[in-house]
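In what follows, a structure is listed as C-alpha cells, so that the remarks can point back to it.
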Amino acid sequence: MPYEWTPEPPHHKPHWELSLWPYRSLLRRDFVIFIGATALLVALPLVTVVGTPVLWGLLPFFLLMIGGLWAALHVSYRRGEVLEELVVDENTAHLTRHNPKGPAQEWQANRYWVTVHLHPKGGPVDNYITLRGGDREVEIGAFLDAAERLALYDDLKRALRS
C-alpha cells in the first residue's frame, strides 16, 4: 500500500501519523535499467547500417526518441511527487499536503469533531474520501486507486474512533 501508519494499526494511542504517496510502478533505480534496455533494443537495427551514411541520418531520430522517453518519464515523476501527512494527537488533526509545485496546503481541526466521509460516486474519483472538521472539508488520498481508498476509509474510521 502506498501509505504508512506510525505506529502501525491497530493503535490505541492518542498520537499517530499517516503518510500517503502515489504508487510508483517504475522505481528510480529501475528507470536507468529501462532506459538502457530500451536504447539497446532500439539500437539493434542500427547495427546493420554501421559504417554507412544512413547511420548518420537515423542517429538523430534515435537520440530524439531516447531523449523524449527520458523527458516524459522525468515529467511523470515530478508530477507524482505528492506527499500527504495526517498527524493526529489528543486534541487536533493536522493534514499537510506537499505538492510538487507550489506551497504546501494545510488543514487543522479539533480531533473530536473530525469525521471521515466516503463518496462512492459523484466525486472527482470513485470512493472519494474527505475529512470534515472545523470550517472546511478536505480530500485525502485522491491519488490512490479505488480499492486502496476503500481500505484507507475503513482504517481512518477505526483510527479516528480510538
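The values are calculated or read from the model by the stated rules, or taken from the named source; none is laboratory data. All values derive from a computational prediction rather than experimental measurement. Cβ placement follows ideal geometry from the backbone for every residue including glycine, while neighbour counts extend to all protein chains displayed. All accessible areas refer to the heavy atoms of the entire protein, side chains included, with ligands and DNA or RNA removed. Shrake-Rupley method; radii C 1.70, N 1.55, O 1.52, S 1.80 Å.
Measuring nothing but protein heavy atoms, the accessible surface of the chain at 1.4 Å probe radius is 63 percent carbon and sulfur.
Only the Cβ atoms of Lys and Arg (+1) and of Asp and Glu (-1) were treated as charged; on that basis the dipole of the chain about its Cα centre amounts to roughly 320 debye. Where does the charge balance sit around ALA71 when Lys and Arg score +1, Asp and Glu -1, over other residues with C-beta under 14 Å from its C-beta? Once positives and negatives cancel, what remains is +2. Considering only THR115, THR38, THR52, the Gaussian network model of the chain with Cα springs below 10 Å gives its largest mean-square fluctuation to THR52. Taking 0.692 mPa s as the viscosity and 37 °C as the temperature, the Stokes-Einstein diffusion coefficient of the range 50-102 based on its alpha-carbon Kirkwood radius rounds to 218 µm²/s. With R₀ fixed at 41 Å, the C-beta to C-beta distance from PHE143 to PHE62 puts the FRET efficiency at about 0.75. With springs connecting C-alpha atoms under 10 Å apart, model the chain as a Gaussian network and identify which of ASP135, ASP89, ASP145 has the largest mean-square fluctuation. Maximum among the listed residues: ASP135.
The mean sequence separation of alpha-carbon pairs under 8 Å and at least six residues apart, normalised by the residue count of the chain, gives a relative contact order of 21 percent. Given the choices [x] 1.03; [y] 1.10; [z] 1.20, Rg/Rh (Cα atoms, Kirkwood Rh) derived from the coordinates of this structure is entry [z]. The H on the amide N of LEU83, modeled in the peptide plane, is under 5 Å from the matching H of HIS98, each at least 5 residues off or on a different chain. Which net charge results when you count Lys and Arg as +1 and Asp and Glu as -1 among the other residues whose beta-carbon is under 14 Å from that of HIS94? Counting the neighbours of HIS94, the net charge comes to -3. As an exercise, identify the trypsin sites (Lys or Arg not before Pro) in the range 68-139 lying in DSSP coil whose Cβ has no more than 14 other Cβ atoms within 10 Å. Taking the range 68-139 and a limit of 14 other Cβ atoms within 10 Å, the loop trypsin sites (Lys or Arg not before Pro) found are LYS101, LYS121. By the rule of a C-alpha distance below 22 Å, with chain neighbours fewer than 8 residues away ignored, the lysines paired with LYS13 are LYS157. Counted without the sites themselves, the longest stretch of the chain free of GluC sites (Glu not before Pro) in a DSSP loop having at most 16 other beta carbon atoms within 10 Å is 1-80. Give a quick list of chymotrypsin sites (Phe, Trp or Tyr not before Pro) in the range 1-106 that DSSP marks as loop, anything other than H, G, I, E or B, with at most 16 other Cβ atoms within 10 Å. Filter output for the range 1-106: TYR23. Only helices enter this figure: runs of n ≥ 4 DSSP H residues, each worth -39500 (n - 2.57), summed and divided by the residues of the chain, yield -12500 deg cm²/dmol at 222 nm to the nearest 500.
Between ALA93, ALA146, ALA72, the residue with the greatest mean-square fluctuation in the GNM of the chain (Cα pairs under 10 Å linked by springs) is ALA72. Phi angles across the range 28-44 convert, under the Karplus curve 6.51 cos²θ - 1.76 cosθ + 1.60 with θ = phi - 60°, into 3J(HN,Hα) values of 4, 5, 6, 4, 5, 5, 5, 4, x, 5, 5, 4, 5, 5, 6, 7, 3 Hz, Gly and Pro given as x. A 1.4 Å probe run over the protein chains yields, for the chain, 63 Å² of accessible area per residue, whole-number rounding.
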